[in-house]
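A.B. asks: The following block contains the structure, expressed as structure tokens.
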Amino acid sequence: MDTTLKAIATALLLILSLTLLAACGSSGPVRRISEPTANIQQLEVRADGSWSLDLRLQNYSSVSMRFDRVDATLAIAGQDAFGVQAAPAITIGPESADVVTVALVPPAGAKIAIADALARGARVSYHLGGNLTTTPDKGSARTWKLDRDNALSPVPGLAGVLR
């Protein structure tokens, strides 16, 4: 009988240990924080020569992320870079994107490069660099480096618009 009690006690101890171990592994979904990005979705030249720039903010994380600040520079077709700042303060869900619009007054070189691309119906390259500050849901703010090279093309039928 003494052996039977030891076997039962050992079995109960094993079951209790396995139950506690299983409880440790069920803490919910994994919170993965991934580097967000920003790209130009659309650039529209306004009648007064200023630009309306639609920035696409992309959240690759598995949790919601608040996009607090964009401090960047934009170089169009190799021209001197100029500042692009925004404080969107928008929350973007997990693995989603949203667009914010920034009004800009570009320097002469950038205006000429865009006007040339529009007139020729040609692609124009751009570089967007700087910092992107975000705050994950239930987390603290973090600043990410932004370093994107891409190109925009004129949109047929929409005068002064590049995507």
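Please treat every number below as a calculation from the coordinates, not as lab data. None of the values given here were measured: they were computed from a predicted structure. Virtual Cβ from ideal backbone geometry, glycine too; neighbours counted across all protein chains shown.
A.B. asks: What ³J(HN,Hα) values, in whole Hz, does the Karplus curve 6.51 cos²θ - 1.76 cosθ + 1.60 give for the range 125-133 when θ = phi - 60°, with x put for Gly and Pro?
C.D. replies: With coefficients 6.51, -1.76 and 1.60, one gets 7, 8, 10, 10, x, x, 10, 10, 9 Hz.
A.B. asks: Hey, which aspartates and glutamates would be in cross-link range of Lys138, C-alpha to C-alpha under 15 Å, not counting anything within fewer than 8 residues on its own chain?
C.D. replies: Excluding near neighbours in sequence, the set is Asp68.
A.B. asks: Please list, by residue number, every one of the trypsin sites (Lys or Arg not before Pro) in the range 70-152 that is coil in DSSP and has at most 10 other beta-carbon atoms within 10 Å.
C.D. replies: Details: sites: Lys111, Arg120, Arg123, Lys138, Arg142, Lys145, Arg148; in loops: Arg123, Lys138.
Those satisfying the criteria are Lys138.
A.B. asks: Which option, [x] 15.7; [y] 17.0; [z] 18.9, is the value of Kirkwood radius over Cα pairs in Å that was calculated from these coordinates?
C.D. replies: Label of the calculated value: [z].
A.B. asks: Could the peptides 154-162, 8-16 be put in order, highest first, of the mean number of other beta-carbon atoms found within 10 Å of their residues?
C.D. replies: Result, highest mean Cβ count within 10 Å first: 154-162, 8-16.
A.B. asks: Among the aspartates and glutamates, which have Cα under 16 Å from the Cα of Lys111 when same-chain residues fewer than 8 positions away are ignored?
C.D. replies: Correct list for Lys111: Glu44, Asp48, Asp80.
A.B. asks: With contacts defined as alpha carbon pairs under 8 Å and 6 or more residues apart, what's the relative contact order of the chain in percent?
C.D. replies: Once normalised by length, the contact order is 23 percent.
A.B. asks: Here's a follow-up. Using a Gaussian network model of the chain whose springs link C-alpha atoms within less than 10 Å, name the residue from Thr135, Thr143, Thr19 with the highest mean-square fluctuation.
C.D. replies: Thr19
A.B. asks: Hey, another quick one. Given the rule -39500 (n - 2.57) for each run of at least 4 DSSP H residues, summed and divided by the residues of the chain, what is its mean residue ellipticity at 222 nm, to the nearest 500 deg cm²/dmol?
C.D. replies: Roughly -7500 deg cm²/dmol at 222 nm, from the helical runs in the chain.
A.B. asks: Still on this structure, please answer the following. Among 63-76, 95-108, how do they line up by average Cβ neighbours within 10 Å per residue, starting with the highest?
C.D. replies: Ranked by mean Cβ neighbours within 10 Å, highest first: 63-76, 95-108.
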